[in-house]
Amino acid sequence: MDEVVEGVPVRMVLPVPAILCESCRMCCRFTDPSRAPWAVRVGEIPGFPAGFSAPRPLRLDPCPDSPDIPLEACSGLDRPSHRCTFWGEHPADCRIYPLLLVYRENAFRLVLDSDCPFSSIGTEAFFREQAERFQEDEWKALSPREMALLEPFARAEDRPHDREVLCLPDLRNSPARPDW
């Protein structure tokens, strides 16, 4: 389970080396707003899973420092330091990146985004371990209603070149789980 510090759960974050993020600088910046974190796109959806929500409203802002390619940056990004201003509280789709939650072939899956340089550095075993940790710590805690709210976002996220790491159990129709 996640660590608890001063009564607040510390949510899972993939340990991507900061130096790699700082050299790439594409994370948290988007040429396609449909690839932005779900918390930027959801607005106020009642019952949207807390783990996939940000602690404050997010938006996309134009990046004036990229004149050649029109980019938009997450408002949670501190541009000078290229660090998240609410690290550890950021949405699950940010925290587990380069793993992406997709809905493919009638199932939720975690896939590896090959566009991220870290995806070619980490081992298959490492990403599988991280996916299994997410499944145990966060996925299995979701209610069937929360999973249903995630499905449209996961359907839109899928790209054929992303490599599957783990198929997640769909607990929405499980007789052992009430829809709370």
- request: Mind sorting GLU89, GLU164, GLU124 by how few other Cβ atoms lie within 10 Å of their own Cβ, fewest first?
  value: GLU124, GLU164, GLU89
- request: Compute the separation of the alpha-carbon centres of the stretch 126-178 and the stretch 91-110 and state it in Å as a whole number.
  value: 7
- prompt: Out of these labelled values of semi-axes √(5λ) of the Cα gyration tensor in Å, (1) 26, 18, 17; (2) 32, 17, 13; (3) 50, 17, 14, which was calculated from the coordinates shown here?
  reply: (1)
- prompt: What angle, in degrees between 0 and 90 and rounded to the nearest 10, separates the Cα long axis of helix 124-137 from the longest principal axis of the Cα atoms of the chain?
  reply: 60
- request: Report the one residue of TYR97, LEU71, SER34 whose Cα lies farthest in the direction of the positive end of the charge dipole of the stretch 16-147 (charges on C-beta: Lys and Arg +1, Asp and Glu -1; origin at the Cα centre).
  value: SER34
query: With axes computed from alpha carbons, what is the tilt in degrees of helix 144-157 against the longest principal axis of the chain, rounded to the nearest 10 within 0 to 90?
result: 40
- line: Footprinting proxy, CYS94, CYS63: sorted fewest to most Cβ within 10 Å, the residues are CYS63, CYS94
- request: Between TRP139, TRP87, TRP38, find the one with the highest GNM mean-square fluctuation for the chain; connect C-alpha pairs within less than 10 Å.
  value: TRP87
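Read-outs throughout are calculated quantities, based only on the coordinates presented, and are distinct from any laboratory measurement. Just so it is clear, the model here is predicted, and its values are computed rather than measured. Heads up, the Cβs are rebuilt from the backbone with ideal geometry, glycines too, and the neighbour counts pull from every protein chain shown.
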